[in-house]
Amino acid sequence: MGISILGVTLFPVLAALVLAVAGKLRKFLVPLSALIIAVSGLSLVTQQELPLAGTTALMIGIFIAELAVIIFLLYWGLKLKNLWIIIFNLAQLGIITYAKLTGGAVVGTGGDLLVLDPLAKVLILLITVIGPLICVFAVAYMDEYEKAKGLEKSKQGRFFFLLFFFLGGMSLLVTANHFSLVALGWEITTLCSFMLIGHNGDEQSVKNATTALIINSFGGLFLTLGAFLAEDILKVSTISQLVTADKGETVVMAALALLVVAGLTKAAQLPFQSWLLGAMVAPTPVSALLHSSTMVKAGVYLILRLAPGYQDTMLSNVLALVGGFTFLITSALAISQSNGKRILAYSTIANLGLIVMCAGVNTPLALGAAIFLIIFHAVSKALLFLCVGTIELKNGSKDIETMHGLVEKMPFVAVAAMIGMITMFLPPFGMVAGKLGAMEAAAKMPAVVVMVAFGSALTLVFWLRWAGSIMSTTKGLGEIKQEKTHLLISLPLVLLAGAGIVLSLLTDYIYQEAVIAVGSIASPFRQYMIGPIFGVLAVAMVAGMFFAAKAKRQKTTTPYMCGETYLIQQDTLAFVAAMDKPVAYKTSHYYLGHWFAEERLTTVSNIIAIGLIAAMIGVILP
Amino acid sequence: MMEVVLIILGTILLAPLAGGLLTGVDRIITARMQGRQGPPLLQPFYDLIKLWRKEAQITNTLQVFYAVIYLVFAVLSLVLFVLGQNLLLIIFVLTIGSGAMVLGALSTPSPYSQIGANREILQMLAYDPILLITAVALYLVTGSFKLSEVVAYQTASGQPLLFVLPLVFLTMTYVLTIKMRKSPFDISASHHAHQEIVRGITTEYSGPYLALLEIAHWFEVVLVLGLVAIFWANSWLMALILVGAVFLLELLLDNITARLTYRWMLQSTWVVGMGLAVLNIAYLYLA
């Protein structure tokens, strides 16, 4: 695995350095580097696990790198004059230095540095295929973005440096087994996401980036504490040793609980959601990256990786409640929003909640469902963010109420976005197979499954109304012209939309390779009849298009306006009133603000979530 | 294999007949409750033929596309039901059909159809979680989400689920009123207004395409009554009696209640529905 592991970790960092100064050459270098990373990722997942023990020199190198990252974060804490960032990072600095001074014997011993099991392979594939696709999209997008912003001096060097550095850090994190490597990858992703969120440098960006850094430093402190308990007290230096340790011991459970809380912060679960919601001030590729294959997935990845460690414990049961609760509340909050990116953000947090719930349910079916959800959510969400970014550039707004009639103006992006939405919530697509599996697995825990049932119904509301808006017409049957899209923008959209559909057909294969990996147990996801329903869907689509084409020749009319004449035009809806005057009218959706008021519901549910997390830590006490 | 094909064909042919006849019975009984004579039993079929032969008028082609998707998936959810498949899956497949209907209504700029569609979304929000929880309750008793195994469980134990899950049954019947477009929940489109031009979600549909929606609705009515039958699946006779009783009850309810607001609908289904279902499940745990 030697060269390909370097291809996914070290190469992105080198590419980042080159891209920082590449100037106009970036147009070619970004797609080229993206291709190299994707090929390395694909070759890495075909390989067997190779034991790799750390040498003293290597471990010292990792330690110094981690120190450097934390000191850099500390520097930002001082620069932003934020006490919390300073405290959390100083504490981390103190703990790891103390651990190295007292527990020096642990350095470089005990177990493999890296892990390459099916879970790590799934994450590697997502990072090295979806990540580079987003970077390619960014090449064309950032030019337009900076033009629209009227930027005099391009900041793209910094931007692409951070994007690729981020990918390297993520790859390191998901292949890391030794706590030192986990911590290094963890801190690199915290650092890069902080810098990327603050990319625009305006007041709002700096504020939101600061929030992100506070919350993720808090999570980092929990990670460091958990690792400290494991390394210094239990004398185990890798995750694989920790998850096989004796569950009866309080210290083992405490270490696991601390690491799980760290995972919850990065996965933006309640009450830690605010940093991810604020992250959308950054240019779209950043949101696409944070929400799909990186960052938040690191959080659920860690929780899933630890799952065998807390199987059949009370901690696991409470974790299921934490995830289910986040799924329910954030699905409701998504309904109250009309800002497209905010809807997507809440939906991300909700789906991560579902994955956390699966980790808590902790049965083979639940863990399989979690992997399904990770894969299909990454694909669909990356696609949706890229679509909304493209729409925003052209439309000037990300409000879903302004997207009426989008299919007439931007048919290509509208159809891509439609595919993104449909694959999120309707069968026969993989997300729903994952959701059904999650529900079946949780059925033995009524309190959890009730929350999932209600949350699932809530998600219908915001997807359906949004999909209905973009696939609506204002002109009737006028000719629709294809919009002009840059190849580097349309290519990632086409590939992601295609992947969302094709991967759903491969669920049997994914189950064998990514979930069980050994032997051949028939996939329990087969009962969701993905193949047959796909067949019916294909027939229905063909029949629908046939009838629609036939209908084109039939009599067309304007919508019913209570006797008045509908005014055919684009953008505004109006009818012709007395004296031939046009009168504009407006239609809009329900947001159920009286029930799901964002501020009030957030406050209340944050308090409940803090209580649940406190209970999760409380149940491990003897 | 042959048997499965026959079952599928039988469902596709017989279900709309049953749905149409039920609608005919519905219209006669409703008329008698209102002191009218009512139309002949086959009137729904005559209406359908009339619609089918009318000139097609559309505002855009997307409407037509979504109407076809709605019909196909209404058929598919019933077929999956008859084949005894996973109940959770059936509920989600049903969502594809209802979702397509909503998208079809949202695709036109008509304010009537848009309001209807948004109300339909709220109706889905009201019944969807209760149906999912019903499925979970069936699972907790029988140990399976597969309908064939749910039926087998009752045949083996000889005890109908109605006796084990009476409150869940009550809740499910209550929310199925929404799916049947009956008062007090006929918020997005009323069954009574089947001849009106402005009928909420179907406002912009006319002629043959309205006929497609009508047929799809018949499939859904049969599925709804099928879900009722699941609660006494160990005896054909009792299942039929149960279905007949629920059907009559829905008609009575339809004729003695007035349409209520969506807020009331959501609050009553969510709070009361969930409360009863949870009470029933809790009882199962304790007993």
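The values are calculated or read from the model by the stated rules, or taken from the named source; none is laboratory data. Every value quoted in this text rests on a predicted model; they were computed, and no experiment measured them. Cβ placement follows ideal geometry from the backbone for every residue including glycine, while neighbour counts extend to all protein chains displayed. Surface accessibility is based on the protein's heavy atoms, side chains included, excluding ligands, DNA and RNA. Shrake-Rupley method; radii C 1.70, N 1.55, O 1.52, S 1.80 Å.
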Seminar exercise, completed: Scanning the range B:259-280 for residues that are more than 11 Å from every other protein chain (Cβ to nearest Cβ) and open to solvent by 70 Å² or more (accessible area, probe 1.4 Å), the one farthest from residue B:120 (Cα to Cα) turns out to be B:279
Exercise. Within the group A:352, A:302, which residue is out of contact with any Leu (no Cβ under 7 Å at 6 or more places or on another chain) and either open to solvent by less than 10 Å² (accessible area, probe 1.4 Å) or assigned to a loop (DSSP other than H, G, I, E, B) (or both)?
Worked result: A:352
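Looking only at the range A:541-552, how many residues end up being in contact (Cβ under 8 Å) with a residue 40 or more places away in the chain and more than 8 Å from chain B (Cβ to nearest Cβ)?
0
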Exercise. Tally time: how many residues in the range A:441-472 are open to solvent by 10 Å² or more (accessible area, probe 1.4 Å), more than 21 Å from residue B:124 (Cα to Cα) and facing chain B (nearest Cβ under 7 Å)?
Worked result: 1
Exercise. What number of residues within the range A:410-431 satisfy the criterion of being open to solvent by 10 Å² or more (accessible area, probe 1.4 Å), assigned to a helix (DSSP H, G or I) and touching a Gly at 6+ places or on another chain (Cβ under 9 Å)?
Worked result: 2
Problem set entry | Criterion (within 30 Å of residue A:328 (Cβ to Cβ) and among the polar types (S, T, N, Q)) met by exactly one of A:474, A:459 | A:459
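Yes or no, residue by residue, for (1) over 15 Å from residue B:201 (Cα atoms); (2) assigned to a loop (DSSP other than H, G, I, E, B); (3) within 7 Å of chain A (Cβ to nearest Cβ):
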{"position": "B:49", "(1), (2), (3)": "yes, no, no"}
{"position": "B:72", "(1), (2), (3)": "yes, no, yes"}
{"position": "B:90", "(1), (2), (3)": "yes, no, no"}
{"position": "B:98", "(1), (2), (3)": "no, no, no"}
{"position": "B:101", "(1), (2), (3)": "no, no, no"}
{"position": "B:117", "(1), (2), (3)": "no, no, yes"}
{"position": "B:131", "(1), (2), (3)": "yes, no, no"}
{"position": "B:148", "(1), (2), (3)": "yes, no, no"}
{"position": "B:159", "(1), (2), (3)": "yes, yes, no"}
Exercise. Considering the range A:332-344 alone, what residues qualify as being touching a Gly at 6+ places or on another chain (Cβ under 9 Å) and either under 16 Å from residue A:384 (Cβ atoms) or free of Cβ contacts under 8 Å to residues at least 60 places away in the same chain (or both)?
Worked result: A:341
Problem set entry | Selection from the range B:179-226 of residues that are open to solvent by 20 Å² or more (accessible area, probe 1.4 Å), at pLDDT 95 or above and farther than 17 Å from residue B:104 by Cβ | B:222
Exercise. Can you pull out the residues in the range A:483-540 that are without any contact (Cβ under 8 Å) to a residue 60 or more places away in the chain, under 23 Å from residue A:387 (Cα atoms) and in a loop (DSSP other than H, G, I, E, B)?
Worked result: A:484
Seminar exercise, completed: Among helices (runs of 4 or more DSSP H) completely within the range B:222-287, the ones holding 3 or more residues that are more than 22 Å from residue B:138 (Cα to Cα) are B:236-256, B:262-267
Seminar exercise, completed: The correct count of residues that are facing chain B (nearest Cβ under 7 Å) and loosely packed, with under 13 Cβ neighbours inside 10 Å in the range A:553-573 is 1
Exercise. Does residue A:203 satisfy being farther than 22 Å from residue A:273 by Cα and not aromatic (Phe, Trp, Tyr)?
Worked result: no
For this session: Hey, could you check the range A:172-223 for residues that are within 27 Å of residue A:11 (Cβ to Cβ) and aromatic (Phe, Trp, Tyr) and say which is farthest from the chain's Cα centre (by Cα)?
Result: A:179
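Determine if the range A:81-88 includes at least one residue that is open to solvent by less than 50 Å² (accessible area, probe 1.4 Å), outside any helix (DSSP H, G or I), out of contact with any Gly (no Cβ under 9 Å at 6 or more places or on another chain) and at pLDDT 90 or above.
yes
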Problem set entry | Extreme residue, most open to solvent (accessible area, probe 1.4 Å), among residues of the range B:133-146 that are facing chain A (nearest Cβ under 8 Å) and not in a helix (DSSP H, G or I) | B:146
